[in-house]
Amino acid sequence: MRWMQYLVVLMVLAGVALGRNVDLSTVPERNTVQLTIYNSEDLTLVRETRVVTFKKGNNPLQFSWANTLIDPSSVELKFLKKAEQLAVLDTTFPHDKPQMLYWNVKSDFDGEATIQISYFTSGITWSADYTLITDSEEKTAGLDGFIRVYNNSGEEYEDAQVRLVVGKVNLVEKIARLAQITYADAEQGLKDGKLREWKKDAMEKMVEASDSLMNTAGPTGSPSPVVMKPKEVIKEGLSEYFIFAIEGTETIKNGWSKQMRASEAASVPFTIQYRYRPSEYGDQLVRMYLLTNDVPSKLGTSPLPDGTYRVFRQNGRGGLSYLTQQTLKYIPVGDKIELNLGNDPEVVFELIKQKSYRDNIWMRWNGGRITQRVDDGAVKVAVNATVVGWYDHTVYAQRIRNYTPKAINVEVRRTYGGDVAFKGELPGLKLFDYQTPEFTVDVPASAKQDFGFEIITRQGTLSKQNRVELVKE
C-alpha cells in the first residue's frame with residue numbers, strides 16, 4: 001500500500017478520559033481521486049475523498065507527503081458531509097517529523113463523514129499525439145488524437161478521474177520548487193495569506209469547473225457505476241483555458257505513462273499548397289497540407305492541444321507511405337492546421353537574377369568649388385562633390401516547373417528590408433505586411449509558369465522609410 005493510503009485518524013487522550021473514548025487508529029481507503037493537470041506549469045491539482053470515522057471531541061488527522069513532489073503549503077482539508085458538525089481548529093507541522101502535518105479536527109458527533117483533501121503536486125504531465133492518414137488521391141484524411149499521461153510525482157493514483165488543461169496558467173513560482181521547501185517554511189507559508197491566496201483561488205476555480213464538467217461521485221463520495229462504452233474526451237470551454245475530461249477512470253502508476261484516445265475524425269477535407277517563404281522554411285519550395293479546425297471539416301468541437309502530428313498517405317497497395325512528423329502549438333477553433341511535408345522533387349522553383357544596375361544618383365556639392373589642372377597639355381576638371389543617394393535595381397526571372405499529374409497552387413512570400421519598390425505584374429499580388437509582398441498562382445499539371453519582377457531599393461538620402469511599395473509596370 002502506497003504512503004498516501006496512510007491517512008491516520010488518531011484520538012490522543014489524556015490519562016483519565018470518559019469511558020466511551022478509546023484510542024482510535026484507522027486507515028481509510030480512497031473513495032475517489034481526481035487529477036487536473038496543467039501542463040504549462042508542471043502543475044497538477046489533486047482532489048481526493050475518503051470516509052473517516054470521527055469520535056466526538058478533538059481528532060488529530062495526520063497527512064504525509066514523504067518522497068513525493070506535493071507542495072505542502074497547498075494542502076487543504078474540506079468536509080463534504082456533516083460539515084456543520086466538523087471544524088479544523090489548527091494545522092501543525094511537527095518539527096521532529098518533516099514532510100508531515102496534523103489537522104486538529106473538532107467533531108460534535110461520533111460517526112463517519114466524507115472528507116476531501118486537495119493539494120498541488122508536480123511530476124505529472126501529459127502530451128498529445130495525432131495520426132493523420134490521407135487517401136491515395138490526397139483528397140480527405142482521417143485524424144486521430146491520443147493523450148499520454150506521464151507520472152513521476154512519487155505517488156500512484158488508482159481509478160483516477162483525469163482532466164487536462166489546455167492554455168496558460170500564470171503562477172508566482174514553479175510548483176516543483178515549492179515542493180522542496182522545509183516544514184518550517186511550509187508552516188510559515190500557511191500563516192501568510194498572500195502566499196496561499198493565489199493557490200487557493202486557482203484550486204477553487206478548477207474544482208468548480210471540474211464539478212460542472214463531470215460529476216462522477218454521489219453525495220456520499222461513492223463512485224458512480226462504470227459506463228461500458230469506449231472512452232471519450234469531454235470538452236468544456238472556460239474563460240482563459242480549456243479542459244479535456246477523460247471519461248471514466250484511469251490508474252496512473254508512478255514512473256509509468258499511459259496512452260488514451262482523445263478524438264477521432266474521418267473524411268476530414270484538406271488542401272495542398274506549395275509555399276516559398278524563406279523566413280519560415282528556408283530557401284526552398286515546400287509542400288503543405290492545410291486543414292481547418294472547424295465543424296465543416298469534421299473537427300472544431302474544441303481547441304487541439306500542443307502535440308506531435310505524424311502524417312501518412314495510403315499508397316494504393318494496402319500500405320502506408322510515411323510523409324512527415326511535426327510538432328504544432330495549440331490550435332484554437334477556427335484556426336488552420338499547417339503541416340510541412342518538405343521539398344517535392346516533382347515541383348521545381350527557380351529564381352534567377354538577370355541584371356542589376358544603379359541610377360538616379362544624387363550629389364552634394366562641397367563648397368561649390370571646381371579645380372582645374374593640366375596634364376600633358378590636356379585640361380581635366382575635378383569637381384569636389386559627394387554621392388548622397390541613388391536607386392539600386394535588381395531584375396529577377398522566376399520559374400515554377402510542375403512535373404506532377406495534378407495542377408498545383410503556389411504561394412510566394414518574401415520579406416525585404418529598406419525603402420523598396422516592388423515592380424511586377426504578378427497574379428494576386430498584395431502586401432502580407434509592410435515589408436512582405438505576396439502572390440499566389442495556379443500551375444497546370446505537367447506545365448511551367450514564368451514570372452518576372454524588379455526590386456528597386458532607395459538608398460542614402462532617398463530612403464525615407466522601412467517599407468515595401470507595390471508599383472505596377
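The table below gives the values:
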{"quantity": "Trypsin sites (Lys or Arg not before Pro) restricted to DSSP loop in segment 434-473 with at most 12 other C-beta within 10 Å", "calculated": "Lys464, Lys472"}
{"quantity": "Segment 405-437 residues near the modelled Ser463 label - backbone nitrogen below 11 Å, point 7 Å along Cα→Cβ", "calculated": "417-420"}
{"quantity": "Stretch gain in nm, segment Lys336-Leu290, where the contour uses 0.36 nm per residue and the Cα spacing is subtracted", "calculated": "15.9 nm"}
{"quantity": "Sorted by Cβ neighbour density within 10 Å, fewest at the top, the residues Lys406, Lys82, Lys329, Lys55", "calculated": "Lys329, Lys406, Lys82, Lys55"}
{"quantity": "Label-to-label distance, nm, for residues given as Lys448 and Asp283 (7 Å Cα→Cβ offset)", "calculated": "2.1 nm"}
{"quantity": "Label-point separation, Ala421 to Leu351 (7 Å along Cα→Cβ), nm", "calculated": "2.2 nm"}
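Values in this text are rule-based calculations from the coordinates and carry no lab data. None of these values were measured; they are calculated from a predicted model. Heads up, the Cβs are rebuilt from the backbone with ideal geometry, glycines too, and the neighbour counts pull from every protein chain shown.
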